[in-house]
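Data first, discussion second: the structure below is written as structure tokens.
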Amino acid sequence: MMGVMRTIHRTPLLLLSLAALALSGCNAGSSSKPTAESAKPFLEEAEKKMYDLYLESAQASWIQSTYITDDSEALSAKANQRAIDYGVSLAKEAAKYNDVQLPPEERRKMDLLKRGLTLAAPADPKESQEVTKLAASLEATYGKGKYCKTPDKCLNIDQITDIMKKSRNADELLDVWKGWHTVSPPMKKDFQRFVELSNKGAKELGFADTGAMWRSKYDMTPDEFTKELDRLWGQVEPLYKSLHAYVRRKLVEKYGPKVVPPTGPIPAHLLGNIWAQDWSNVYDMVAPTGADPGYDLTKILVAKKTDAKQMVKYGEGFFTSLGFDPLPDSFWKRSLFVRPKDRDVVCHASAWDVDNDNDLRIKMCIQINEEDFTTIHHELGHNFYQRAYNKLPLIFRDSANDGFHEAIGDTIALSITPEYLVKLGFIQKAPDASKDIGLLMQRALEKVAFLPFGLMIDQWRWKVFSGEVKPEDYNKAWWELRQKYQGVSAPEDRPDAMFFDPGAKYHVPANVPYTRYFLAHILQFQFHRALSEAAGCPGTGATPLHRCSIYGSKEAGTKLNKMLSMGQSKPWQDALFEITGKKEMDATAIRDYFAPLQAWLDEQNKGQQIGW
Ligand code: X8Z
Ligand code: ZN
């Protein structure tokens, strides 16, 4: 989502994917030769039209996502097409200013217009219509997805998530895993065509393919960005492999060596999550003896009879404690917190800024548990970011890079410490330091386990967009990458002729870039370290980083708000500097945070094989 062309954070913020919002028809591309004088009126008109087109597209997308029908899908596809076509025309016009000398703010706006789209529709109106229809329909197919054991016994994604969380029966887990992966084979043909058409649009804008367009958004060359990712992954890979080896050993103890190969990849259905991207739910099987913190946030929330709205209120309360204003009334009226019983909705959580100003909303099918308590903070991070930059010119209303948008709410959620839960009255006393390994293990299962997943999705998609991976090998390449990065394997043979497993992950049919989440998992620890210092609990000495909560710290809030309110008006390196005093993404923060766990894992893993 880039600035204007931003997405609607429709998907999880994400959105924009489709919506690149563009406004339509514009005459953004007038035929006269671009000059330094024509830049300003061009940008002013662009921002005005984009505002209207974005609004229409976001409203239509909201209805499509919260009321899936053929009609809402068709109307949303149309509105998105108008926005995207306009965005494409702006990108083309902005490129004509490449050699025109402009003041820095105008230069940046032009650059953002050129690189802002997530989906570039081809200029041919038929093809533009086709690609936006495909986008809407792929997302709706995901939203409607269910595993039906018999025609009248169906499981939706919430129910599947719950079984993956709680069941310890390998046969049942396998059944549900396979069941959910039946939603995606019907998407394959459409996805393939979508790739062709979106590549065509990207090429018309001068990019090699859609993946190259996505990599162009980081204030460095696409090749430099790829190298940055390798560097960051290299910094965290040893920590991931230590966790993997330890968890694998515990799973072998639980399920036996016939189900879990003691030196091989871990079968994907046994890690407590349908995508094996977050392993928190297997904590009970891997808990360090004697170091369990002794409370269960899910049980506490249920015992207090917390409802969905109260869950969100807790999240809002954290932000207001930092000095942010409460959310507007319209947020509480217009958000969707609970899965409606009578219709299909896209339940994947997302945060919206429908009018690019103050019409903030979340869309989420909240369950009363710890995971959703955390996800609420994630979503609200998007909303508070959106509001912080809403005074900037429209083109600057987005995060410094997309990883920043994904990192803010997670940064706040790192402050959900035992000490914070005492302040909320959830527990009476925080566990002592002897329980730290248990606390760190819980966090690592969520954050460290995610890292290779966050990276591999787009490693796959970039190869798909570039043509290196052909449609007949989509599934094969998917599982090769899952094995390479995650050390996770398909629980059974998954030939391409029958399966399209990437489509069972929301962001693939919804066309949401995924590298942002990998970046966010690095950045949030940098932010947490810097804000903890501002809040006065330094990572050395009495308060280790994982025990530091910035709750109530106006100093931390002020620092955070300063960065948020920059939007994308400056390169992300400048925004990062504002908060951390550094201009580089840096995984030493996450490594420092988990250093005591790394030492403990090294001890546990002595004599064991690491890797797969
Ligand atoms: O999609 C999301 C958010 C919305 S932006 C709920 N996340 C990724 C996922 O669920 O796969 C957050 C973590 C990774
Ligand atoms: Zn998000």
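The values are calculated or read from the model by the stated rules, or taken from the named source; none is laboratory data. Keep in mind the model is a prediction, meaning the values are calculated, not measured. All Cβ positions, glycine included, derive from the backbone under ideal geometry; neighbour counts span all protein chains shown.
Observations
- Residues in segment 508-531 that are over 20 Å from residue 183 (Cα atoms) and either more than 16 Å from the chain's Cα centre (by Cα) or away from ligand 2 (no atom under 16 Å from the Cβ) (or both): 525, 526, 527, 528, 529, 530, 531.
- Test: residue in segment 265-276 that is touching a Phe, Trp or Tyr at 6+ places or on another chain (Cβ under 8 Å), part of a loop (DSSP other than H, G, I, E, B) and surrounded by fewer than 18 Cβ atoms within 10 Å (Cβ to Cβ): no
- With respect to the conditions (1) among the charged types (D, E, K, R); (2) surrounded by fewer than 23 Cβ atoms within 10 Å (Cβ to Cβ); (3) more than 29 Å from residue 127 (Cα to Cα), residue 193 falls short on a single one, namely (3).
Table: residues versus (1) at pLDDT 95 or above; (2) in a helix (DSSP H, G or I).
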{"site": "110", "(1), (2)": "yes, yes"}
{"site": "114", "(1), (2)": "yes, yes"}
{"site": "122", "(1), (2)": "yes, no"}
{"site": "131", "(1), (2)": "yes, yes"}
{"site": "141", "(1), (2)": "yes, yes"}
{"site": "149", "(1), (2)": "no, no"}
{"site": "154", "(1), (2)": "yes, no"}
{"site": "175", "(1), (2)": "yes, yes"}
{"site": "179", "(1), (2)": "yes, yes"}
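Matching residues to (1) among the small types (Gly, Ala, Ser); (2) free of Cβ contacts under 8 Å to residues at least 24 places away in the same chain; (3) within 16 Å of ligand 2 (Cβ to nearest atom); (4) over 14 Å from residue 457 (Cα atoms):
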| residue | (1), (2), (3), (4) |
| --- | --- |
| 484 | no, no, no, no |
| 503 | yes, no, no, no |
| 506 | no, no, yes, no |
| 533 | no, yes, no, yes |
| 537 | no, yes, no, yes |
| 554 | no, no, no, yes |
| 559 | no, no, no, yes |
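- For segment 293-324, the candidate set comprises residues that are of a type in the set (Gly, Ala, Ser) and part of a helix (DSSP H, G or I); within that set, the residue that is surrounded by the most Cβ atoms within 10 Å (Cβ to Cβ) is 315.
- Counted residues, segment 143-174 - those being among the acidic types (Asp, Glu) and in contact with a helix residue (DSSP H, G or I) (Cβ under 9 Å, 6 or more places away or on another chain): 1
- Residue that is farthest from ligand 1 (Cβ to nearest atom), among those in segment 354-401 that are touching a strand residue (DSSP E or B) at 6+ places or on another chain (Cβ under 6 Å) and among the charged types (D, E, K, R): 361
- Condition check for residue 412: under 18 Å from the mean Cα position of the chain (by Cα), closer than 25 Å to residue 324 by Cβ and surrounded by 23 or more Cβ atoms within 10 Å (Cβ to Cβ): yes
- Options 398, 357; residue that is more than 13 Å from the chain's Cα centre (by Cα), among the charged types (D, E, K, R) and buried (at least 24 other Cβ atoms within 10 Å of the Cβ): 398
- Scanning segment 441-469 for residues that are surrounded by fewer than 24 Cβ atoms within 10 Å (Cβ to Cβ), farther than 15 Å from residue 211 by Cβ and more than 16 Å from ligand 1 (Cβ to nearest atom) yields a total of 1.
- Listed by position, the helices (runs of 4 or more DSSP H) inside segment 325-444 whose residues that are within 16 Å of ligand 2 (Cβ to nearest atom) number at least 2 are 370-388, 402-413.
- Residue check, residue 513 away from ligand 1 (no atom under 16 Å from the Cβ) and either in contact (Cβ under 8 Å) with a residue 60 or more places away in the chain or among the hydroxyl-bearing types (Ser, Thr, Tyr) (or both): no
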